[in-house]
Structure formats: structure tokens, C-alpha cells
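Working notes for the structure below.
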Amino acid sequence: MANRYLLYGSERYALAILRPLQAAIRARGDAAAWFFDRAGSEDLRSDERLLSSVAEVRRWNPTAIFTSSNAIPHFFPGVKVSVFHGFNAGKPRHIYIRGFFDLYCTTGPGDTRAFAALSDKLGHFSVRETGWPKLDPFLEQLAAELPPLHTPPVVLYHSTFSPSWSAAETLYETVRELSRSGQWRWIVTLHPKMNPATVAKYRALEGEFLRFATEDNILDLFPQVDVMVSDTSSALHEFTLTYKPVITFNNRCPGPQLIDIHQPQELKLAIERALARPPELMQAVRDYANSIHPNRDGHASERVLAAVDDFIAHGACNARPKPFNIWRKLKIRKRLGYWGRS
């Protein structure tokens, strides 16, 4: 009998992260369905199944639930699996440890070590290093060699949404002036939770040399550009997998793989340096990319499913029970309007 799996989303970006898992599930002859507690369901395709209520999910009775969110309804049946919504951008990783998950599928050695240490200490979840499903289609198509620069070169600007982490307002005037010069072409994309007023300002910059991108999957933009400008967004770590350079503004965890600047007027020279592709920078980018996601075969989704199979084969339990976490569980029940049994 085919297994059933649930893909659980809270934002539209869950589609890009979880669709490769859906493809791997279907390739095994198993069934997948989706559940959204916020935005995202309106973008499902005609061949994708949506479960619209808690009752439907419970009847579906999934073998496992996969999510990129930080929490998951405890009253949904199945092994609860976190596949994360991004790389470590320097933000606290303990926010993922909320007592909801049975299994964390990590992207690379750094997260594996950190979460394995927490697993040993807390005992209520397991950890497997699988790679990140979102990257599967991207890595399968990624060229082995760095492509030549576009003519003219193309700059991708992307910012996270948190006011304390975002450079969108600080760099707005500089991006506006540089994009008007015509020296480079620009593509701008902002986090879906960005302040609408900031989004409107950047949308208004659209013109001959700047496009405001609305693609759900930022990976689709990477082949179109030569350098990324960002701040402390986790998307910049995804971009390093292309082996192209990244410029950051006041990054929380700068390193040799980044050109980190601290004043808006430094941006033009930083872009010129990045486009020159100095060997020491390019080697640092390559080394960093290989450290955060060493497996580039495009089969992370298959490894996630194999990790679930193994977890179930070994009893589907961890050393200790999950914490009660009553307050967060009550908030989820209220949001979904479900007060029945777990």
C-alpha cells in the first residue's frame, strides 16, 4: 500500500522548498497532499492535492509531515519532519527547537553538528544530514564551471524583512542612483514579509535598467545575474552555491566569502570588485559553498524520505518525550480552530 505524506506550509516560499519532495514522493509511487495555515494554497497547480481542514488531514493520516515552518500542529498524525526554510544566516538557530518535531533534516555539516549536540542534550528529536530539498532542481541544472559575465553585468539586490537586519531602506537611494546610470542591469526582489511601503518604493524604480522580480523561487533568478547584493538574508547563502560573489551590508556573520560594506557609498566599488572576480575571493566563495551544502547531486529529497524510512524502521521514537509546550500548542489550535483530541 502506498504511503501518504503531507506537505505543510505557512508561506508561499514553502512551495519551492517542498515541491522537490513531492516529486520524489510521487517517483516512489506514494501520494502527497498539501495543507496551508496561511498564504500559499492559491498557487497550487491543478495536479496538486489540497487538504483544506484539520479533519481532512486526520483522515488522510499521513506517514510523515514535512515543513519549512518553525512549528507544526501536534494533533496532525505522522512523523513530523523539519526541512528548514533557509541556511544559517547568523540568526539564532534555537528558534527551530520548539518541541514539535521528531526529525530534523539538516543541510550540511555545520547545522548537523549544532542540532546533533542539541539532540544529545534534549533527547526529544533526531537529526539526519540530507541536504536541502529546495536545491534539488537547481543543483541538477547548475553548470560545473562559472559562466562568463552578462553584457552588461547584472546585479541582484535582495533584502530580508526584519528592520534590525534589513538594509533595504538604507541602500534605497544608492540602488536608485546606480540603477539609473545604466552601467549595470538590476533585478530587485524582497522578502515576502517586507514592509509594503518599502516594496512600493522599490517597485517604483522599475525602468530600462531595473526589474522588480515577483518570482516565488529566488533560485530562478540566480542564472540571470552575476553578483548578489544583500544584508543578512539566508538567500545569500543559497547564492554562494553558484560560486558567484556576494556583497553584504553590515552582515551579522561576515567572512572571507563575502564583500561586506558598512556605508552606502561603498557599494559601487564593491560591485566593481565582485565583477572583477579576484581569485582569493572566488576561492573563498567556493570553499564556503562546499562547506554549507557539500552534496551537489540534487537528491536531497530522496535522502529526506530515506531518513524518515529509517526513523520509522527504528521505532519512530526518540529517547525522551517532547515537551508539553502548552502555550504554543494552544495558539496553533486557536489559529486552526481545532479543539479536538490530539
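Every number here is computed from the coordinates shown, using simple stated rules; none is lab data. None of the values given here were measured: they were computed from a predicted structure. Positions of Cβ are backbone-derived with ideal geometry, glycine not excepted, and every protein chain shown enters the neighbour counts.
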ask   = Which residue, Ala33, Ala319, Ala289, tops the fluctuation ranking in a GNM of the chain built on C-alpha contacts under 10 Å?
value = Ala319
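Mean Kyte-Doolittle hydropathy of -0.5 or higher plus an axial Cα length of 18 Å or more: which whole DSSP H helices in the chain meet both?
Qualifying helices: 14-27, 109-122, 279-292, 300-313.
Please give the calculated 222 nm ellipticity per residue for the chain, where each DSSP H segment of at least 4 residues contributes -39500 (n - 2.57) and the sum is spread over every residue; nearest 500 deg cm²/dmol?
Helices in the chain give a 222 nm mean residue ellipticity of -10500 deg cm²/dmol.
Hey, what D do you get for the range 165-235 in µm²/s if you plug the Kirkwood alpha-carbon radius into Stokes-Einstein at 37 °C and 0.692 mPa s? Walk me through the numbers on the way to the answer.
Working: Rh = 12.7 Å.
Translational diffusion coefficient: 258 µm²/s.
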message = From the phi angles alone, apply the Karplus equation (6.51, -1.76, 1.60; θ = phi - 60°) to the range 215-225 and give each ³J(HN,Hα) in whole Hz, x where the residue is Gly or Pro.
response = 4, 5, 9, 5, 4, 5, 7, 4, x, 8, 10
message = Can you divide the C-alpha Rg of the range 118-180 by 2.2 N^0.38 Å and report the result to two decimal places?
response = 1.85
remark   = At q = 0.10 Å⁻¹, the log10 of I(q)/I(0) for the chain from a Debye sum over equal Cα scatterers comes to -0.63
task = Collect residues whose amide H, placed 1.01 Å from N in the peptide plane, falls under 5 Å from the amide H of Leu210; neighbours closer than 5 in sequence don't count.
result = Trp186
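Given C-alpha coordinates of the range 143-292, what is the ratio Rg to Rh with the Kirkwood estimate of Rh? Please list the in-between numbers first.
Working: Rg = 14.1 Å, Rh = 15.3 Å.
For the range 143-292, the value is 0.92.
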inquiry  = Cross-link candidates for Lys121: which lysines have Cα within less than 24 Å, leaving aside residues fewer than 8 places away along the same chain?
reply    = Lys80, Lys91, Lys322, Lys329
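When only Cα pairs under 8 Å and 6 or more residues apart are kept, what is the percent relative contact order across the range 143-292? Let's see the in-between values first.
On the way: 239 pairs, mean separation 35.8, N = 150.
Relative contact order, the range 143-292: 24 percent.
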request  = Work out how much length Gln283 to Leu149 would gain on full extension: take 0.36 nm times their residue separation and subtract the Cα-Cα distance, in nm to one decimal.
outcome  = 46.5 nm
key: Sites Arg98 and Glu215 - FRET efficiency at Förster radius 41 Å, r taken between beta-carbons, to 0.05   = 0.85
query = Treating the beta-carbon of each Lys and Arg as +1 and of each Asp and Glu as -1, no other charges, what is the dipole magnitude of the chain about its Cα centre, to the nearest 20 debye?
reply = 1560 debye
